Amino acid sequence: PIPRSITKTFEKFKKELDPNAEAEAMEEFIISRYQTVTSIRYIMLLLIVPVIVDQVSKTLLFGPAVDYYWNKYQPDIFLNESQEERAFAELQRYEERVHFEMLIGKLSMSSYDSMEQII
């Protein structure tokens, strides 16, 4: 048995001695270049098309649908007890700060109504 590497070497040597070897090599090069360009094109399509479809569907389809249903069917604001207490405490601190600024003269003390408008 002859090793395969030797037979492959002889096959390559025979191809080089062939008078059409240059034309065949050029043809193989053109085919491989075409295959490379085609494979790169398909890889780019596989990478770019999902991103474009995602962005377009978010912008034109899902975004407006979610906004419409969110605004149409949104219930009134629900606050649990701890959120209510925290909001009330923040409002009270803000009222005290505005009252203090009115006392030290930073804000004009024109009337109680102006304080209500500020708050």
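With viscosity set to 1.567 mPa s and temperature to 4 °C, compute the Stokes-Einstein D of the stretch 1-88, Rh being the Kirkwood radius across alpha carbon pairs; µm²/s, no decimals. Walk me through the numbers before you get to the answer.
Numbers: Rh = 20.4 Å.
For these conditions, the coefficient is 63 µm²/s.
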Original post:
Per 5 Å bin from zero, what fraction in whole % of the C-alpha pairs of the stretch 1-40 is there, up to the bin with the longest pair?
Top reply: 6, 22, 15, 16, 16, 13, 10, 2, 0
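So between HIS99 and THR38, what do we pick up on full extension, going 0.36 nm a residue minus the alpha carbon distance?
Details: separation 61, 0.36 × 61 = 21.96 nm, distance 7.40 nm.
Full extension of this stretch gives 14.6 nm more.
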**OP:** Would you work out what percent of the accessible area of the stretch 1-86, with all protein chains in place, is carbon or sulfur (probe 1.4 Å)?
**Re:** 65
Subject >> Two-site label geometry, LEU61 and ILE48: point separation in nm, points 7 Å out along Cα→Cβ >> reply: 2.1
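By how many nm would the segment from LEU17 to PHE29 grow when fully extended, if each residue of separation counts as 0.36 nm and the alpha-carbon distance is taken off?
Net length gain for the segment: 2.5 nm.
The values are calculated or read from the model by the stated rules, or taken from the named source; none is laboratory data. No experiment lies behind these values; they were computed from the predicted model shown. Backbone-built Cβ (ideal geometry, glycine too); neighbour counts: all protein chains shown. Each accessible area value is taken on the protein alone, full model and side chains, heavy atoms only, with ligands, DNA and RNA left out. Shrake-Rupley method; radii C 1.70, N 1.55, O 1.52, S 1.80 Å.
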